[in-house]
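The values are calculated or read from the model by the stated rules, or taken from the named source; none is laboratory data. The structure displayed is predicted, hence computed values, not measured ones. Note: ideal-geometry Cβ built from the backbone for every residue, glycine included; neighbour counts use all protein chains shown. Side chains are part of the model used for accessible areas, which takes the heavy atoms of the whole protein and leaves out ligands, DNA and RNA. Shrake-Rupley method; radii C 1.70, N 1.55, O 1.52, S 1.80 Å.
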Amino acid sequence: MIKKAEFSDYKASADFILEKIGDSPDIAMILGSGLGDYADLDENRIVIPYRDIPHFPVSTVSYQKGELVFCKRGEKKLIIMNGRFHYYEGWEMWQTAYPIPVFKLLGCKKTIITNAAGGISEKYKPGDIVCVNDHIKLSPDSPLRGANIPEFGVRFFDMQHVYDKDMADIAKAKAVSLGFELKDGVYGYMTGPQYETPSEIRMLKMLGATVVGMSTVAEIIAAAHCGLPVLCLSCVTNMAAGITGAQITEEEVLETGRTVKARFVSLLDEIVKSI
Ligand code: HPA
């Protein structure tokens, strides 16, 4: 097993980034597949490839870029991850959450995390955006397994308030002003890379999950640990296994993501201005 990062590693990453961007960001964003170019809206953005940042993991998924982008939208300064780390790529779970404590050290006060997900609840359809207010993680691993780093948080920490209600309320109101509804949801985390079996989806449904995906939860746990409130938005790219019986393919997931992108980007922009 790879040796867990220490406080000095996170600090070295943050110091390198701060030197490049010259200012503390207000909001950190982790954008799921296909949404990364939200950052392109600012012509004066500063792009930092992950491979340049000391101790930062470098993502392998071909359609995701691996770069941090610092940009401004109105008054707000954002640091955006364009491409994230997934457990199914082979990373340790703590590595998939590595950027979160770095964002804390940069001085970020809030986090927005997005992802693509399969719809379990029949109240959703592909293309819907869901505001996640809780999750279920059946995998026994945790990004906080191993020595605790007290500079970030305590050993045993509360998970009840990390999905920030105030940001969720703002997101829902902004969606309405743009002409659509954000439904609430509970995210069921599965490690992948295989999509789930119909029985697994039935199980998740019985447990209370309404969407399913292969990312986000490690990052949320790390955010709870270091006290960074999160707004989590899932794009329902397909109905989960067994719900309609249709084949689930990566093409469908990416295609729905592309269809929703313009709406998602408008929503993100409205939210960023108001939180
Ligand atoms: N399952 C898991 N992850 C996903 C799905 C799914 O159906 N769709 C998009 N990401």
Return the subset of Lys110/Lys183; Lys76/Lys183; Lys20/Lys77; Lys20/Lys104 for which the Cα-Cα distance in this structure is over 19 Å, preserving the input order.
Lys110/Lys183; Lys76/Lys183
Averaged per residue, what accessible area in Å² does the chain show with a 1.4 Å probe, protein chains only?
44 Å²
Calculate the FRET efficiency for Lys4 and Asp37 from the Cβ-Cβ distance with a Förster distance of 35 Å, rounded to the nearest 0.05.
0.60
Given a cut-off of under 8 Å on Cα pairs at least six residues apart, what relative contact order in percent is computed for the chain?
25 percent
On the accessible surface of the chain, probed at 1.4 Å, how many percent belong to carbon and sulfur atoms?
52 percent
Listed residue (Ala240, Val102, Phe156) projecting farthest to the positive dipole end of the chain, Cβ model:
Phe156
Using 0.36 nm per residue, how much length does the chain from Ser139 to Glu252 gain when fully extended, once their Cα-Cα distance is taken away?
38.1 nm
Protein-only accessible surface order, largest first, of His161, His86 at 1.4 Å
His161, His86
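Subtracting the Cα-Cα distance from 0.36 nm times the residue separation, let me have the gained length for Asn148 to Lys76 in nm, one decimal.
Extra length available between Asn148 and Lys76 comes to 22.7 nm.
Considering the convex hull of the alpha carbon atoms of the stretch 1-157, report its projected area averaged over all viewing directions, in nm², one decimal. Spell out each step's value before the answer.
Values: hull surface 42.4 nm².
For the stretch 1-157, averaging the hull's shadow over all directions gives 10.6 nm².
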Give me a comma-separated list of calculated 3J(HN,Hα) values for the stretch 117-127, in order, Karplus coefficients 6.51, -1.76, 1.60 applied at θ = phi - 60°, integers in Hz, x for any Gly or Pro.
8, x, x, 9, 6, 6, 6, 9, 9, x, x
Span-like helix ranges in the chain, DSSP H, alpha carbon extent 20 angstrom or more, Kyte mean at least -0.5:
7-21, 250-274
Could you calculate the contour length gain from Lys65 to Val176, that is, 0.36 nm times the residue separation minus the distance between their Cα atoms, to one decimal place in nm?
36.8 nm
Distance from the stretch 200-275 to the stretch 136-195 (C-alpha centre basis), Å
11 Å
Based on the Cβ-Cβ distance from His161 to Lys273, what FRET efficiency comes out when R0 is 25 Å, to the nearest 0.05?
0.55
Equivalent ellipsoid semi-axes, the stretch 105-201, via Cα gyration tensor eigenvalues times 5, rooted, Å:
27, 22, 11
Just to be sure I follow: if Rg is taken over the C-alpha atoms of the chain and Rh is the Kirkwood radius over the same atoms, what is Rg/Rh?
0.94
